[in-house]
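To start, the structure under review is shown below, and the notes come after it.
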Amino acid sequence: MRNKTAESQSRKDIVLEIVVGEYIKTINPVSSGHIVRAYKIGLSPATVRNILAELEQEGFLTHPHTSAGRVPTQTGYRYYVDHLMHEINLLKEEKARIKAEYEKEVKDLEVILEATSQILSDVTQYTSIISVDGWGDKIFCRGTGFVVEYPETRDLQKIRDILYALEEKERLLKIINRDLDRKIEIYIGHEIASSQIEGCSLAVSRYHFDKGPSGRIAILGPTRMDYQRVVSTLDYVTDLMQNIF
C-alpha cells in the first residue's frame, strides 16, 4: 500500500512540476495531451488526465473556463517552490557580466548597490529592491517598468497598485525586512501580506559585506515568476557581495 501511495505521489509531483514549468514559460494552460506529447513520462493520456483532475481537486491547479488545460494556483506554486524546484546554473556569460561589475574599481557603496540592483533586474527581467540596514527608508529599486510587461497583468488598476506599492518605501521595507528562516525566502501571492501586490511573488535574501553594512535584497515578479532563475541569481549575487566591499 505504501509503495502504491509513494508511486501515486511521485506521479503527481512529476505532472505538477511539468505544469508549473510550462506555465512559467508559456503562460498557456497546460493540457494532458501536451504533457504526453512533449514529455516522455511513461503515462497514458487518460492517466495524466486523472492526475490533473486530482491535483485540481486538491487545490494545486485550476483551469480557466474557456480551456481544458490547467494552470497553477498559489498552493501549487508553494508546493513547487518547497518540494520540486531545482536551483539552476546561470550561464557563464551571465556570471561573467555580474562579476565584471564587481571587479570595477568602485569603492562607493551607493554606486555598488545601484549597479547590483540594475544587474539583478536585467538578469531576471523583474523588479529588484535593495535595502541597507540603518539607512532609514532609502532603497535601491530598478526594473519597475517590467511590471507593465507581465502578460497576465492586463488590468491597469493592478499595475497602478503594484507601482504605487513600490513607491511606498516605508511599507516596502517592512515587507522585505521580515525575519528570514532560510537563506532565500519566497513569498507567494497573499503571503506577501499586501493587497496591492498580492498577485505577485517576492524572493528575499540577506546580504552582508565583509567590511561594510548588511541589508536585504529582493526580487518582485508575477506569481508566474521563474523561481529557479531568481533563486540562482540571488544566491550567486549575495555570495559575490560578501567579498567586494
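The values are calculated or read from the model by the stated rules, or taken from the named source; none is laboratory data. Because the structure is a prediction, the values reported are computed rather than measured. Here the Cβ is made from the backbone with ideal geometry for all residues, glycine too, and neighbour counts use every protein chain on show.
Considering only residues in the stretch 1-20 that are at pLDDT 85 or above and aliphatic (A, V, I, L, M), the one that is nearest to the chain's Cα centre (by Cα) turns out to be 20. Pairing residues of the stretch 183-209 that are farther than 19 Å from residue 159 by Cβ with residues that are outside any loop (DSSP other than H, G, I, E, B) and of a type in the set (S, T, N, Q), at Cβ distances under 6 Å and at least 6 apart in sequence or on separate chains, gives 184/205; 188/74; 188/201; 205/238; 207/238; 208/214.
The residues listed here are 199, 215, 189; of these, the one that is assigned by TED's automatic domain parsing to the domain that holds residue 118 and touching a Cys at 6+ places or on another chain (Cβ under 8 Å) is 189. Residues that are in the same structural domain as residue 204 (by TED's automatic domain parsing), among the β-branched types (Val, Ile, Thr), surrounded by fewer than 19 Cβ atoms within 10 Å (Cβ to Cβ) and at pLDDT below 90 are absent from the stretch 165-180 altogether.
Quick grid of which residues meet (1) hydrophobic (A, V, I, L, M, F, W, C); (2) under 21 Å from residue 200 (Cβ atoms):
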| position | (1), (2) |
| --- | --- |
| 24 | yes, yes |
| 29 | no, yes |
| 86 | no, no |
| 108 | no, no |
| 111 | yes, no |
| 114 | no, no |
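The condition of being on the phi < 0 side of the Ramachandran plot and without any contact (Cβ under 8 Å) to a residue 40 or more places away in the chain does not hold for residue 84. Looking at 110, 94, just one residue is out of contact with any Gly (no Cβ under 8 Å at 6 or more places or on another chain) and more than 23 Å from residue 24 (Cα to Cα), and that residue is 110. Restricting the search to helices (runs of 4 or more DSSP H) fully inside the stretch 48-140 and requiring at least 2 residues that are of a type in the set (D, E, K, R) gives 92-103, 109-124. State whether one or more residues within the stretch 77-84 are at pLDDT below 80 and basic (Lys, Arg). Within the stretch 77-84 (the criterion being at pLDDT below 80 and basic (Lys, Arg)), the answer is no, since none of the residues qualifies.
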